[in-house]
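I have placed the structure first, in the form of structure tokens, so that the comments after it can refer back to it.
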Amino acid sequence: MNRDEMLNAIRTRMPEKRYVHTLGVMDTAIRLASVYDEVEKDAEIAAILHDVVKYADRDWMKQTIIDQQMDPNLLLFHHELWHAPVGAYVAQYEFGVTNQNVLNAIRYHTTGRAHMGTLEKIIFCADMIEPNRQFPGVDELRQHDEQGLDALTKLCVKRSIQYLVQKNQPVYPDSIHCYNDLVTRKENE
Ligand code: DGI
Ligand code: FE
Ligand code: FE
């Protein structure tokens, strides 16, 4: 499947606004890949597919998490988290993606995790800073773009945790692990 075929395939599964967001993530991820020596084609595929099941049926996602023996704790957290691991599953079994870096970038794009690879960080950050995203503080994140991928990832995960805490929502452990990993690394420098 080439780029346009893949874009057409995901477009039918989401509202136009989400498709435009996906195009923004794609452009941003390709740019970050060129800056941080990542394979641009992998960034492109991961970005196109990252929200592929964002609007999938919630019961079906729940069942997929159970059937595929994904982390059962996912079901105890916000359903918004489910589209990331289930998206990786669909990328593999419907779109035939076999590259583990691409699959992990989709799988962890919402929460992040400890010891993320370059492509995982790129998709995680591109998802937050793509040009169509609007939330307080997004411009500060975009400026950090200049200070290296770890600095940007750390700021993005911080923002995401702060947002959840502010809303009195639970934080999935991978997000905390992501934050701890990057903060500890920074202190060791
Ligand atoms: O799918 P997008 O809207 O492009 O962005 P996303 O995949 O980062 O999803 C963000 C949503 O996930 C946002 O509404 C907050 C929610 N969320 C719920 N629990 C957690 C969480 N996000 C993170 N990072 N960690 C959580 O534990
Ligand atoms: Fe998402
Ligand atoms: Fe997204």
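Overview of results
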item: Convex hull volume of the range 6-74 per residue (C-alpha atoms, cubic angstrom); result: 113 Å³
item: Options T28, Y163, A114, ranked by Cα towards positive dipole end of the range 3-188, top entry (Cβ charges); result: Y163
item: Subset of K54/K167; K62/K154; K17/K154; K41/K158; K121/K167 violating a 23 Å alpha-carbon distance limit; result: K62/K154; K17/K154; K41/K158; K121/K167
item: Charge dipole (the range 3-188, unit charges on Cβ, about Cα centre) - positive-most of Y179, N8, Q92; result: Y179
item: The chain, relative contact order [Cα under 8 Å, separation at least 6], %; result: 21 percent
item: Share of carbon and sulfur in the accessible heavy-atom surface of the chain [1.4 Å probe, %]; result: 47 percent
item: Value of Rg/Rh across the range 1-45 [Cα atoms, Kirkwood radius]; result: 1.02
item: The chain pair-distance distribution - Cα-Cα, 5 Å bins, rounded %; result: 1, 8, 17, 21, 22, 17, 10, 3, 1, 0
item: Distance between the range 85-144 and the range 46-61 - C-alpha centres, whole angstrom; result: 13 Å
item: Cα-centre dipole for the chain with unit charges at Cβ (Lys and Arg positive, Asp and Glu negative), debye to 20; result: 480 debye
item: Accessible surface, the range 3-188, averaged per residue in Å² (probe 1.4 Å); result: 50 Å²
item: Over the range 132-189: Kirkwood hydrodynamic radius from C-alpha pairwise inverse distances, Å; result: 12.2 Å
item: CD proxy at 222 nm, helix term only [per DSSP H run n ≥ 4: -39500 (n - 2.57); per residue of the chain; nearest 500]; result: -20000 deg cm²/dmol
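The values are calculated or read from the model by the stated rules, or taken from the named source; none is laboratory data. Bear in mind that the values here come from a model prediction, so they are computed numbers and not experimental data. As a convention, Cβ positions derive from the backbone with ideal geometry for all residues, glycine included, and neighbour counts pool all protein chains shown. Side chains included, ligands, DNA and RNA excluded: accessible areas come from the protein's heavy atoms. Shrake-Rupley method; radii C 1.70, N 1.55, O 1.52, S 1.80 Å.
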